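S.K.: Here it is, the structure in full.
Derivation of every value follows stated rules applied to the coordinates shown; laboratory data play no part. Bear in mind the structure is a predicted one, so any value in this text is a computation, not a measurement. Cβ atoms come from the backbone with ideal geometry, glycine included; neighbour counts cover every protein chain shown.
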Amino acid sequence: MVKSRTLFFLSLLGGLSSADIVDRDLLEYFPSPSGTYIPPKDPSIRTLLDVVKSRDDLSILAEVLSECAGFSEAFDAAASWSYTFFAPSNTAFKNTGAYFSTFAATPKGKWWLGNLLQHHYVPNSKLMVKNFNTTYTRFQTGTFLFVGAQIVDGTLVLNKVATATEADIPATNVRQ
Ligand SMILES: *[C@@H]1O[C@H](CO)[C@@H](O)[C@H](O)[C@H]1NC(C)=O
C-alpha cells in the first residue's frame, strides 16, 4: 500500500518533489513549514523559553524544545494567561531509562516528546508550592492527564516519585 503510493507520486511529480516525499519517513514529525506566523516579542519580557535557556540544569529540555516543531515559539510567547510548567531537569531526563532513549530515536519520537512536554504544562493556573499541603491531591495538565501532588518533608512531590527541586520560578505573564 505504502509502496504503491510512493510510486504513484514518483510517476506524477518526478524529480525534486518526489525526493521530498520518499526521503521522509511517513511517521516522522513534520518540521515547521516556512512562513509560519510567529508573534512579535517584547525583549523586556522574560518568557518561559528565556527561563529554560538561562539554566544549565535545563539544557536537555532546551534541546528537546528546539527539536519539536512549534514548541520554541509557543514557549517564547508572552502569555496573557496564568500557567505552570513543571520543567524536567537534566537529571529527570537522565532517569527516564531505556524506554525514553529507544522511543525518542524512532520516527514518531518527536511526536511523543511533544506530548511528554505537554504532560508537564498546566495551561490555566499558576500553581505555587503554597497551594499544596501534606494531603495528597491532583491537578490536571494540558493533556487532561492528572498529576498527583503532595508536600512530603517540606518538598513538593509529584506522582509520588518526582521532586520539585526548585519551585515558584517566575516567568513574565502579561495582562492584556
Ligand atoms: C490541605 O488543603 C486542603 C485544600 O485546601 C484542605 O481541605 C485540607 O484541610 C488541608 N490539609 C492539611 C493537612 O492542611
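S.K.: Any residue in region 62-77 that is within 16 Å of the ligand (Cβ to nearest atom), out of contact with any Cys (no Cβ under 8 Å at 6 or more places or on another chain) and either of a type in the set (S, T, N, Q) or not in a loop (DSSP other than H, G, I, E, B) (or both)?
M.R.: So in region 62-77, the residues within 16 Å of the ligand (Cβ to nearest atom) come out as none.
Scanning region 62-77 turns up no residue that is within 16 Å of the ligand (Cβ to nearest atom), out of contact with any Cys (no Cβ under 8 Å at 6 or more places or on another chain) and either of a type in the set (S, T, N, Q) or not in a loop (DSSP other than H, G, I, E, B) (or both).
S.K.: State all residues of region 121-176 that are of a type in the set (Ser, Thr, Tyr) and within 16 Å of the ligand (Cβ to nearest atom); if no residue qualifies, say none.
M.R.: Selection gives SER125, THR134, THR135, TYR136, THR137, THR155.
S.K.: So, of the residues in region 119-137 that are of a type outside the set (Ser, Thr, Tyr) and crowded, with 17+ Cβ neighbours inside 10 Å, which turns out to be nearest to ALA149 (Cα to Cα)?
M.R.: It comes out as PHE132.
S.K.: So, in region 50-84, of the ones that are hydroxyl-bearing (Ser, Thr, Tyr) and crowded, with 17+ Cβ neighbours inside 10 Å, which residue ends up farthest from the chain's Cα centre (by Cα)?
M.R.: Filtering region 50-84 for residues that are hydroxyl-bearing (Ser, Thr, Tyr) and crowded, with 17+ Cβ neighbours inside 10 Å, the one farthest from the chain's Cα centre (by Cα) comes out as THR84.
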